[in-house]
1. For the stretch 1-47, give me each residue that is among the small types (G, A, S) and modelled with pLDDT of 80 or more.
2. Only one of these is over 51 Å from the mean Cα position of the chain (by Cα) and either under 30 Å from E20 (Cα atoms) or β-branched (V, I, T) (or both): I58, I81, I115, I132. Name it.
3. Of the residues G138, G116, G144, which is modelled with pLDDT under 90, out of contact with any strand residue (DSSP E or B) (no Cβ under 7 Å at 6 or more places or on another chain), farther than 30 Å from G25 by Cα and loosely packed, with under 10 Cβ neighbours inside 10 Å?
4. For the stretch 1-43, what are the residues that are hydroxyl-bearing (S, T, Y) and part of a helix (DSSP H, G or I)?
5. Go over the candidates F137, F60 one by one and state the one that is out of contact with any Asp or Glu (no Cβ under 7 Å at 6 or more places or on another chain) and part of a helix (DSSP H, G or I).
6. Being part of a helix (DSSP H, G or I), in contact (Cβ under 8 Å) with a residue 12 or more places away in the chain and among the aliphatic types (A, V, I, L, M) narrows it down to one of A46, A92, so name that one.
7. On the basis of being part of a helix (DSSP H, G or I), modelled with pLDDT under 80 and among the aliphatic types (A, V, I, L, M), does V121 make the cut?
8. Which of the residues belonging to the stretch 106-148 are touching a helix residue (DSSP H, G or I) at 6+ places or on another chain (Cβ under 9 Å) and farther than 22 Å from N164 by Cα?
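The values are calculated or read from the model by the stated rules, or taken from the named source; none is laboratory data. Treat the numbers as computed from the prediction; the structure is a model and nothing was measured. FYI the Cβ positions are ideal-geometry reconstructions off the backbone, even for glycines, and counts take in every protein chain you see.
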Amino acid sequence: MIKIDESTRKQFLECYNDREIMLEGHILKLIDSTGDQEFDSYIKIAIERDADNRRKRIDFNKEVQKQNTQLKKTEAENNDIKKRLRDALTTAEQAKNLAINDLEELQKRSQVELIGTIVKVSLWIVCAVGLITTLLFGISLFTGVDNKIVESAWSNMFGILLTNSFSIIGTIMGVKYASKKD
């Protein structure tokens, strides 16, 4: 046990009476206050307050630990949600790229089909006009009708058809090669 001298005892009591500040901790268990009721009362009050303060600190620490556990759990859930969102975003981007590639493929196929249709129709028209003009020229030759107008029309028609057919094919080929990315 620790014996406290009179001046120290007096300072402890004045500090408590003036400012309500008391000793704390395990030292209180070692102080000998026998024979002095006022100091014995001071020590008992100090021990009770110290026990209350310790209990409050322990409760506070438990509450903080609970909150930390909850925060860690919430953080783990947030990280899991972030990971799932990143995976979903990656999947969506892949699907978008796949859809864009499919759309480009469809557009190219449509363009090729359109070009093929235009070439076929153009060739049929060129052939039909050429045959009709040749038939008219042939009929005019066999019937003995004046064929100067038909002859020049036939000649002009073939020149125009030949020029236009090359122009159409050149335009189609130009569009085809201009639409390539490389």
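1. Our first condition is that a residue be among the small types (G, A, S); within the stretch 1-47, this holds for 7, 25, 33, 35, 41, 46.
S7, G25, S41, A46 - these are the residues of the stretch 1-47 that are among the small types (G, A, S) and modelled with pLDDT of 80 or more.
2. On the way: I58 fails: over 51 Å from the mean Cα position of the chain (by Cα); I81 fails: over 51 Å from the mean Cα position of the chain (by Cα); I115 fails: over 51 Å from the mean Cα position of the chain (by Cα).
Just a single option satisfies the conditions, and that option is I132.
3. Numbers: G138 fails: loosely packed, with under 10 Cβ neighbours inside 10 Å; G116 fails: loosely packed, with under 10 Cβ neighbours inside 10 Å.
Criteria check complete, one pass: G144.
4. Residues satisfying the conditions are S7, T8, Y16, S41, Y42.
5. Just a single option satisfies the conditions, and that option is F60.
6. Details: A92 fails: in contact (Cβ under 8 Å) with a residue 12 or more places away in the chain.
On inspection, the qualifying residue turns out to be A46.
7. Values: part of a helix (DSSP H, G or I): yes; modelled with pLDDT under 80: no; among the aliphatic types (A, V, I, L, M): yes.
Considered against the rule, which asks whether it is part of a helix (DSSP H, G or I), modelled with pLDDT under 80 and among the aliphatic types (A, V, I, L, M), V121 comes out as no.
8. Across the stretch 106-148, the qualifying residues are I139, S140, L141, V145, D146, N147.
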